[in-house]
Amino acid sequence: NHASAKTGPTAYERAIASAAVVAAAAQLTVLERRLDKTVLVAPVDGTVRVVAGEVGEAVRAGQTIIAIEVTEQPWLSFNVREDRLGGITVGSAVYVQVAGQAAPLAGVVTELAFVGQFATWQAERAVGDHDRNTLRLRVELPPNAAHLEPGMTVWLVQ
């Protein structure tokens with residue numbers, strides 16, 4: 001034993017140890033890749049509004065785990081009956097009134113879409129009245145607009 005300790009490992013023992021190091025490095029790479037898949041990174045800065053997953057829960061690719069509200073570009077959504085649009089189109093400047101604030105905020109309509117393929121407002125009279133659709137307006141506000149939180153009451157004042 002003393003002689004083998006003085007001479008060190010044999011070439012065969014070195015080859016085995018070298019192969020073990022290569023195998024361990026490969027296993028480390030595999031584990032690092034697995035660990036990378038366990039980290040969620042938001043594509044934008046924002047505030048977490050809904051957490052739909054739990055720690056340790058198995059999820060599918062593309063499944064919503066967390067809903068994030070983007071804070072750097074505030075926008076509002078309004079449902080407006082088609083006969084009350086008053087000439088509003090994409091690109092129109094509009095004003096909105098936030099509950100509890102004195103001055104209205106200026107915004108721009110960036111989206112105008114039908115809510116459904118069917119009339120959402122039924123005629124009140126059988127003659128002389130028509131069913132009407134509802135349109136969803138997306139109004140974007142400037143980044144320096146007053147601090148808004150999702151769910152706040154806001155009126156479209158045009």
Next on the checklist: It is to be established whether one or more residues within segment 69-83 are free of Cβ contacts under 8 Å to residues at least 60 places away in the same chain, of a type outside the set (A, V, I, L, M, F, W, C) and exposed (fewer than 10 other Cβ atoms within 10 Å of the Cβ).
Outcome noted: no
Checklist entry - Among Ala23, Ala52, Ala15, Ala5, which is loosely packed, with under 10 Cβ neighbours inside 10 Å and either over 30 Å from Glu149 (Cα atoms) or outside the structural domain of Gly151 (by TED's automatic domain parsing) (or both)? => result Ala5
Next on the checklist: Looking only at segment 89-104, how many residues end up being among the hydrophobic types (A, V, I, L, M, F, W, C), in contact (Cβ under 8 Å) with a residue 12 or more places away in the chain and either exposed (fewer than 10 other Cβ atoms within 10 Å of the Cβ) or touching a Phe, Trp or Tyr at 6+ places or on another chain (Cβ under 7 Å) (or both)?
Outcome noted: 2
Next on the checklist: List pairs: first residue in segment 1-24 and without any contact (Cβ under 8 Å) to a residue 40 or more places away in the chain, second residue of a type in the set (A, V, I, L, M) anywhere in the structure, Cβ distance under 8 angstrom, at least six positions apart or on different chains.
Outcome noted: Pro9/Ala17
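The values are calculated or read from the model by the stated rules, or taken from the named source; none is laboratory data. Everything numeric in this text was worked out from a predicted model, so none of it was measured. Using ideal geometry, Cβ is built from the backbone for each residue, glycine included, and neighbour counts are taken over all protein chains shown.
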